[in-house]
Amino acid sequence: MEERQKQKAVFFIISLICLSIFTWGFVSILEEWKENEIAGFDNGVFDIVHSFISPKLTTLMTSITFLGGVKWLSICTVGIVIVLLFMKKYPLALFVALTVGLGAAFNWLLKWIFKRDRPDIEALIEQGGYSFPSGHSMGSFIFYGAAAFMLFRALDKRLYKWICVVFLSLLIISIGLSRVYLGVHYPSDIIAGFTAGGAWLTLCMSVYIYFYKRSDWKYKNKQMTKT
């Protein structure tokens, strides 16, 4: 029991640290933008990324950015929830549905609050709506981050766990880069999306673990009292 309590305490300490870091990152980017001190960073990254523009790379980036879009993430979320319900993993299905669904609503709320216009450059694709924070970056961090969380808990071999985490992390970063490459987001939008998404995912994982462990402990306690 003591070991279980120690693991729980360590998890929530790490979660609190991550939540603090992500929140601090988002607030820092927001302050820099509000004080008009982020333009140099955005323009510098734009110059570097756009120096690599080519037809083949544009095709690749367009495909990558699709993997962070609302349509694709919605289909994947519904599919995963259905599979989890079929497997009778009801708490996990609820975790995915609420984390991704409310995360999307949270992104919409942030965009509505800050109402930052998209970059005033010739974009390679058409994209409407506001720019800050990036919905693709925030949504992909939440969805693929949740997927990494589930796979890390489900897989037995440590090697497989970390392969999934590294692959999904690289995918998230690639989706963010694709938005800058295509000219529909400022680099600061991407960082804001990652930090906001990271904070939201950390909060949701903490809540899930807390209630999951609590219900699991109660169940085992009942089994012990019966015997």
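Descriptive notes on the structure:
- Average accessible surface area per residue within the chain, 1.4 Å rolling probe, Å²: 61
- Accessible area of Y90 (1.4 Å probe, protein heavy atoms only, ligands and nucleic acids ignored): about 130 Å².
- Net length gained if the chain between V78 and F41 were fully extended (0.36 nm per residue, minus Cα distance): 9.6 nm
- Using only alpha-carbon positions in the chain, the gyration tensor eigenvalues give semi-axes of 36, 19, 16 Å once each is multiplied by 5 and square-rooted (largest first).
- The stretch 139-185 versus the stretch 64-131: alpha-carbon centroid distance in Å: 14
- FRET efficiency, 1/(1 + (r/R0)^6) with R0 25 Å, evaluated for S63 and I21 via beta carbons: 0.20
- Most tightly packed first, judged by the mean number of other beta-carbon atoms within 10 Å of their residues, the peptides 110-117, 45-52 read 110-117, 45-52.
- The region of the chain that goes longest without hitting one of the GluC sites (Glu not before Pro) in a DSSP loop, each with at most 15 other Cβ atoms within 10 Å, is 127-227.
- Portion, in percent, of the accessible area of the chain that falls on carbon or sulfur, probe 1.4 Å: 69
- At R0 = 41 Å, FRET efficiency that the Cβ-Cβ distance of F11 and E122 yields, to 0.05: 0.30
- Extended-chain gain in nm, criterion 0.36 nm per residue less alpha-carbon gap, A154 and H50: 33.5 nm
- Table column - 3J(HN,Hα) (Hz), the stretch 131-136, Karplus curve with 6.51, -1.76, 1.60, x for Gly and Pro: 9, 10, x, 4, x, 4
- Sorting W162, W33 by accessible area puts them as W162, W33; the probe is 1.4 Å, largest comes first, and only protein heavy atoms count.
The values are calculated or read from the model by the stated rules, or taken from the named source; none is laboratory data. Just so it is clear, the model here is predicted, and its values are computed rather than measured. When we count neighbours, we look across all protein chains shown, and the Cβ atoms used for this are built from the backbone with ideal geometry, even at glycine. For accessibility, only protein heavy atoms count, side chains too; no ligands or nucleic acids. Shrake-Rupley method; radii C 1.70, N 1.55, O 1.52, S 1.80 Å.
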